[in-house]
Amino acid sequence: MNLLITGGAGFIGANLVLHWIRNHPDDLVINFDALTYAGNLENLQAVKTHPNYRFVLGDLRKPFEISKAFSAHNVDAVIHLAAESHVDRSIHGPADFIETNITGTFNLLETARKFWGAELSTHRFLHVSTDEVYGSLGSEGKFSESTAYAPNSPYSASKAASDHLVRAWHHTYKMNVVTTNCSNNYGPFQFPEKLLPLLINNCLQNLPIPVYGDGKNIRDWLFVEDHCEALDRVFHQGDSGEIYNIGGANEWSNIDIVRFVCKELDRELGRSGDESCETLINFVTDRPGHDRRYAIDAGKIEKALKWTPHYSFEQGLAKTIRWYLDHQDWVKNITSGAYQDYYERQYG
């Protein structure tokens with residue numbers, strides 16, 4: 001098939017493109033990406049010359065560019081990953097999130113609906129979303145597919161709106177859609193504004209490690225390779241119109257993660273005492289609307305599609321740390337300019 005992956009030069013997208021070409025080499029993979037600050041074609045050097053890989057520079061906010069890609073490559077199916085995704089950025093500049101995540105998803109749905117026409121129900125549209133649409137949990141319980149939406153940031157609100165559009169296009173137009181809501185991803189190619197790559201990079205640069213509030217906010221962590229395998233499974237086996245929550249069954253508080261990674265990096269770098277990475281920890285004012293706890297109930301995908309995560313958090317984290325240590329040139333290239341300006345504005 002000819003598969004369009006939006007946001008394929010970003011973190012999860014690049015990992016998914018590599019996964020797909022490795023596991024489905026006969027499919028044509030069309031990577032549709034606007035190459036914003038977090039999109040990087042360096043992530044895809046391994047498949048740059050693969051005969052079944054194409055890159056299309058395109059913006060979801062411009063319907064003509066989507067239509068052009070559909071026509072040029074006779075698109076059979078879509079996995080929609082492209083999004084503005086950082087909560088902090090959404091607080092300071094929500095307009096980009098509304099335009100890309102809501103209007104962009106609408107443009108993509110409409111292009112697919114018109115292009116596939118009478119055969120709409122035979123072409124799959126997989127929409128990749130987040131557990132943040134469900135809001136915040138107390139000390140107990142987990143998010144299930146039936147949990148009511150209660151987004152608390154401009155980012156999560158924009159993703160919730162896009163989820164509802166996808167649902168509506170299924171019920172109104174009988175589009176063959178499936179939606180996933182995943183927990184926090186980590187792994188190679190993640191832009192270092194997110195916790196784990198920010199933490200690793202700042203340790204290596206001897207920069208302060210910002211920890212919001214008391215650091216006791218809890219997240220469920222999912223290694224990106226496990227997520228890609230789950231998306232593959234949902235795409236091929238998920239029932240049309242269904243939602244599948246994807247979680248790593250790894251609940252950690254932010255401060256526990258920071259201290260764990262600091263210890264691992266101290267061991268890798270031979271640091272201790274006053275030179276320990278832990279001395280860089282800097283508690284900062286909590287961000288507005290900071291959800292206290294997320295946790296995913298992945299029972300549905302485990303039972304229906306026989307998917308469970310392969311990596312424990314410790315295993316995935318070891319691979320992640322090793323990757324960033326071995327790819328400092330990548331970190332330097334992607335963090336020059338936009339990241340440095342952003343970091344200085346946020347943390348001084």
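Observations on the model:
- Under the convention that each Lys and Arg Cβ holds +1 and each Asp and Glu Cβ holds -1, the size of the dipole of the chain around its Cα centre is about 600 debye.
- Amide H contacts under 5 Å for Phe55: Asn31, restricted to partners 5 or more places along the chain or on a different chain, H placed in the peptide plane at 1.01 Å from N.
- 3J(HN,Hα) from dihedral phi, segment 202-217, Karplus parametrisation 6.51/-1.76/1.60, rounded to Hz, x for glycine, proline: 5, 4, 5, 8, 6, 9, x, 9, x, 10, 5, x, 8, x, 9, 5
- Highest to lowest packing among 266-279, 76-89, 13-26, scored as the average C-beta count within 10 Å: 76-89, 13-26, 266-279
- Top positive-direction residue, dipole computed over the chain with Cβ charges, set Ser156, Leu81, Asn282: Leu81
- Temperature 20 °C, viscosity 1.002 mPa s: under these conditions the Stokes-Einstein estimate for segment 89-166, based on its Kirkwood radius over C-alpha pairs, is 154 µm² per second.
- Prolate/oblate/rounded call for segment 151-247, Cα gyration tensor, a/c under 1.5 rounded: prolate
- Protection proxy ranking of 283-291, 106-114 - average other beta-carbon atoms within 10 Å, highest first: 106-114, 283-291
- Charged-residue dipole, Cβ positions (Lys, Arg, Asp, Glu), segment 99-160 about Cα centre, Debye nearest 20: 180
- Backbone HN-Hα couplings from phi across segment 128-137 [Karplus 6.51/-1.76/1.60, Hz, Gly and Pro as x]: 9, 10, 9, 6, 5, 5, 7, x, 10, 9
- Relative to the longest principal axis of the Cα atoms of the chain, the long axis of helix 154-173 lies at roughly 20 degrees.
- Long pairs among Lys142/Lys194; Lys142/Lys300; Lys194/Lys300; Lys159/Lys300; Lys263/Lys332; Lys174/Lys300, criterion Cα-Cα beyond 19 Å: Lys142/Lys194; Lys194/Lys300; Lys159/Lys300; Lys263/Lys332; Lys174/Lys300
- Cα-based convex hull volume of the chain per residue, rounded to whole Å³: 125
- Annotation: amide H of Tyr212 within the under-5 Å range of Val284, sequence separation 5 or more or interchain, hydrogens built in the peptide plane.
- With 10 Å bins beginning at zero, the pair-distance distribution over Cα atoms of segment 1-83 amounts to 20, 58, 22, 0 %.
- Taking the Cα centre of segment 130-195 as reference, the dipole from Cβ charges on Lys and Arg (+1) and Asp and Glu (-1) amounts to some 200 debye.
- Distant-in-sequence amide H partners of His127 (H built 1.01 Å from N, under 5 Å): His80, Val178, Thr179, Thr180
- Cβ-based charge dipole, the chain, positive-most Cα from Phe11, Ala249, Ala318: Phe11
- Positive dipole terminus of the chain, leading residue within His50, Val261, Ser144 (C-beta point charges): His50
- Remark: the Cα gyration tensor places segment 1-159 in the prolate category, a/c being 1.5 or greater and a/b exceeding b/c.
- Angle in degrees between helix 254-269 and the longest Cα principal axis of the chain, rounded to the nearest 10: 70
- Phi-derived couplings, Karplus 6.51 cos²θ - 1.76 cosθ + 1.60 at θ = phi - 60°, listed residue by residue for segment 64-74: 4, 5, 5, 4, 4, 5, 4, 5, 5, 10, 6 Hz, with x used for Gly and Pro.
- Put simply, the convex hull of the Cα atoms in segment 206-275 casts, on average, a shadow of 7.0 nm².
Each value in this text was obtained by applying a stated rule to the coordinates, not by laboratory testing. These figures come from a predicted structure and were not determined experimentally. So basically every Cβ, Gly included, is an ideal-geometry build from the backbone, and we count neighbours across all protein chains shown.
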